[in-house]
Amino acid sequence: MSTGLTTGATGARRRRGRYLLRRLGQSAIVLGIVLLLQFTLIHLAPGDIADVIAGDVQSDDPEFIIQLRRDLGLDQPLPIQFAFYVGRLLTLDLGTSHAFNMPVLTLILDRLPATLLLMFSAIALAFVAGAALGTIAAAFRGRWPDVLVTISALLFYATPVFLVGIGLILIFTVWLRWLPMSGMYVTWVQHTWWSLAVDIARHLIMPAVSLSLFFVAIYTRLMRATMLEVLSQDYVRTAWAKGLSPSRVVLRHAARNALLPMVTMLGLQVGSLLGGAVLVETVFGWPGIGRLAFEAVFRRDVPLVLGILFFSSVLVLMVNLLVDLLYTRLDPRIVLR
């Protein structure tokens, strides 16, 4: 018996290892295609970084611009420029931001923790709230809780993210004066680790809520539809027939299986979260990658834009891989192949 269990565990580990290798290879191919598209589209735009730098130093000398293009490698054909760009990426050399006069990698790593904190707070809030509201709506189908949740979800879905942020600022900062309006923490106060955590949490509430409400609506509708389908399954009717309590049937037998489509949607929404973070971080002055991307585009900082797009692509691919692995934890019947 123990030999069989050991053999089964070894086989499962081997399947998981082969799956990871295959997915990593697929992710590398996808990343290469995405990088090619990003690089091509940015370089098809009128002008280049040499024109921007020449404008910053207020020089219209043709010889200066020609020499600058030569130094930056912009005089080479586009395929050769892309090959050099990929070669630098392999050594994590993302170039230098001319707008900030700093290495792109340093700028991104400085802003990345703030964006990850905002993103994961927003997605956790959206996932938990959406699952809870969708379960309530399905459990009270056709009654007033279902109607209230459905109307609220439609309202959240239809309201633009930036408008939600402005409304929260007016209510909780201007009128009630409960929450700070912008930034990540108060910079002029000497913090202990606990007071810093509390200060960051207070600054995080409004950006996280603003970014999450749209996804709360999506997850609520998806959870409600999935729960209604699961509640009609034979094993759920069997649980009712055994005399189990309604809360146990809904939470233990139905909700767990209904979460699988939610997990799939979570992986697909990471890219949308990054797009929404640009608006939210700009409205609330949150010092993350989204705000940095806005500034990079505004200043036509091509190396910084490409660096942010590269990190965003890697993040999306990593989250989708983690979601696939999480599937096997939620449903042991799923086998990685």
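Tabulated values for the structure
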quantity: Pair list, Cβ < 6 Å and 6+ apart or interchain, from the stretch 131-150 residues that are assigned by TED's automatic domain parsing to the domain that holds residue 227 and under 15 Å from residue 218 (Cα atoms) to residues that are in a helix (DSSP H, G or I) and of a type in the set (S, T, N, Q); calculated: 133/220; 134/220
quantity: Which numbered condition residue 298 misses (of (1) under 30 Å from residue 230 (Cα atoms); (2) without any contact (Cβ under 8 Å) to a residue 12 or more places away in the chain); calculated: (1)
quantity: Residue in the stretch 157-169 that is closer than 30 Å to residue 230 by Cβ, assigned by TED's automatic domain parsing to the domain that holds residue 282 and under 19 Å from the mean Cα position of the chain (by Cα) present; calculated: yes
quantity: For residue 228: the one exception among (1) part of a loop (DSSP other than H, G, I, E, B); (2) more than 26 Å from the chain's Cα centre (by Cα); (3) surrounded by 14 or more Cβ atoms within 10 Å (Cβ to Cβ); calculated: (1)
quantity: Within the stretch 236-325, helices (runs of 4 or more DSSP H) holding 3 or more residues that are among the basic types (Lys, Arg) and farther than 24 Å from residue 86 by Cα; calculated: none
quantity: Selected residue (criterion: modelled with the highest pLDDT) from residues of the stretch 312-337 that are charged (D, E, K, R) and more than 18 Å from residue 120 (Cα to Cα); calculated: 329
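Let's see how each residue does on (1) aromatic (Phe, Trp, Tyr); (2) more than 20 Å from residue 277 (Cα to Cα); (3) modelled with pLDDT under 90; (4) not in a helix (DSSP H, G or I):
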site: 121; (1), (2), (3), (4): no, no, no, no
site: 129; (1), (2), (3), (4): no, no, no, no
site: 149; (1), (2), (3), (4): no, yes, no, no
site: 186; (1), (2), (3), (4): no, yes, yes, yes
site: 190; (1), (2), (3), (4): no, yes, yes, yes
site: 195; (1), (2), (3), (4): no, yes, yes, no
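The values are calculated or read from the model by the stated rules, or taken from the named source; none is laboratory data. This is a predicted model, so every value here is computed, not measured. Every residue, glycine as well, gets a Cβ built from its backbone with ideal geometry; the counts of neighbours run over all protein chains shown.
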